[in-house]
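In what follows, a structure is listed as structure tokens, so that the remarks can point back to it.
Read-outs throughout are calculated quantities, based only on the coordinates presented, and are distinct from any laboratory measurement. Note that the structure is predicted; figures quoted are calculated from it, not measured. Glycine also receives a Cβ, built like all others from the backbone with ideal geometry; neighbour counts cover every protein chain displayed.
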Amino acid sequence: MVERLIIIGSGPAGYTAAIYGVRDGLDPLLIRGFQAGGQLTITSDVENFPGFTSILGPDLMDKMYEQIKSLKCRTIDDDVTKVDFGHYPYRIFVEEKVYEAYSIIIATGANAKWLGLANEKRLVGKGVSGCATCDGPFFRNKDVVVVGGGDSAMEDATYLSKIAKSVTIIHRKGSFRASKAMQDKALSDKKIKVIWNTEVEDVLGADRISGLKIKNSVTGKEATFPTEGLFVAIGHEPNTGPFRGQIDVDESGYVVTHAVTRTSKEGIFAAGDVQDRHYKQAVVAAGFGCMAAIDAREFLAGKKLI
């Protein structure tokens, strides 16, 4: 049996695509993966998703899942191991099983890069964040730290300076790699200061972050730096492993799209953080999921497959 539409991924983009796919009569198959729900499953309070004054990220994902199940959407809770987009219908491999589809929506998201510290992961959602625009408002009038030296770090620091009491950028080198314009904007902000040539060695705190253990890479001197928030801004890693070499991705691994959701392969669409380098918001990802499903429906209709 060849599926009309297979959706890969189960964050806001994948779930929204599934909702629209079911309502349009496409009978989509949603491959959720082992870690269903995406980055929102490690987010605490969400206050910027329409319809909810405040909701925990995992609870929001559960509600989206309940909605697609109520619509009788078929799901698979396994990971895609590889794909063959050189064959049509396209083939998707899930462990030893092979699924064929006339159209595909890739909505596998992206993961924030972390420092790799055990306490960092333990305190995610408890003062540690990988998304300033998502969690920044929770740190109003607090002292926070941004780790990183690229455009993302400068952008996060500048954004947070409008909310937080103070922002300290900690960078492991003696100069930023960010564009000059972004550097100038951050360094001219009186609420932002920089600690150079320094690495974060540990995140301190029992139930919530209380500070950082830092080490100067030039002098070797260690210190404790108190803070009420840590924003890790060292980049994101799009979940495009199985698709590289099959469709066009950019130098950072994000799926390249044109006309909003269309990829370099006819009938294959991408939605959400897997192709969105800029906004990285749940509501935006959901919007992309909607657009991808509509694009898939139009493609299938053009092929007279619906």
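Quick notes
- Sorted by Cβ density within 10 Å, fewest first, the residues VAL46, VAL274: VAL46, VAL274
- Cleavage-rule hits (GluC sites (Glu not before Pro)) in region 209-306: DSSP loop, at most 15 neighbouring Cβ within 10 angstrom: GLU251, GLU266
- Using the Cβ-Cβ distance between LYS165 and THR53 with R0 = 25 Å, the FRET efficiency computed as 1/(1 + (r/R0)^6) comes to roughly 0.50.
- Percent breakdown of C-alpha pair distances by 10 Å bin, ordered from the shortest bin, for region 203-263: 18, 26, 17, 21, 17, 0
- Separation of alpha-carbon centers, region 184-242 and region 122-174, rounded to whole Å: 9 Å
- Restricting region 219-306 to chymotrypsin sites (Phe, Trp or Tyr not before Pro) in coil, as DSSP defines it, with at most 14 other Cβ within 10 Å: TYR279
- For the chain, DSSP calls about 45 percent of its internal beta bridges antiparallel.
- Note on the chain: with a GNM built from Cα contacts shorter than 10 Å, the maximum mean-square fluctuation among LYS173, LYS63, LYS97 falls on LYS97.
- The order of GLU66, GLU237, going from fewest to most other C-beta atoms within 10 Å of their C-beta, is GLU66, GLU237.
- In region 1-73, the chymotrypsin sites (Phe, Trp or Tyr not before Pro) that fall in loop regions by DSSP, at most 11 other Cβ within 10 Å: PHE34
- Farthest positive-ward along region 114-232 dipole, Cα basis, beta-carbon charges - from SER129, THR227, SER161: SER161
- Per-residue ellipticity at 222 nm computed for the chain from its helices equals -7500 deg cm²/dmol, with DSSP H segments shorter than 4 residues left out and the rest contributing -39,500 (n - 2.57).
- Rounded to 5, percent antiparallel among DSSP beta bridges of region 126-256: 45 percent
- Residues VAL22, VAL145, VAL94 arranged by fewest to most Cβ contacts within 10 Å: VAL94, VAL22, VAL145
- Neighbours of ILE55, meaning other residues whose beta-carbon lies under 12 angstrom from its beta-carbon, give a summed charge of -3 when Lys and Arg score +1 and Asp and Glu score -1.
- Shape of region 117-251, Cα gyration tensor, a/c cut at 1.5: rounded
- Debye, to nearest 20: dipole size of the chain, +1 on Lys, Arg Cβ, -1 on Asp, Glu Cβ: 600 debye
- Among GLY21, MET182, SER44 - extreme Cα towards positive end, dipole of the chain, charges at beta-carbon: MET182
- When the inverse distances between all different Cα atoms of region 44-163 are averaged and flipped, the Kirkwood radius reads 18.1 angstrom.
- With both residues required to sit in region 10-138, DSSP beta bridges show an antiparallel share near 70%.
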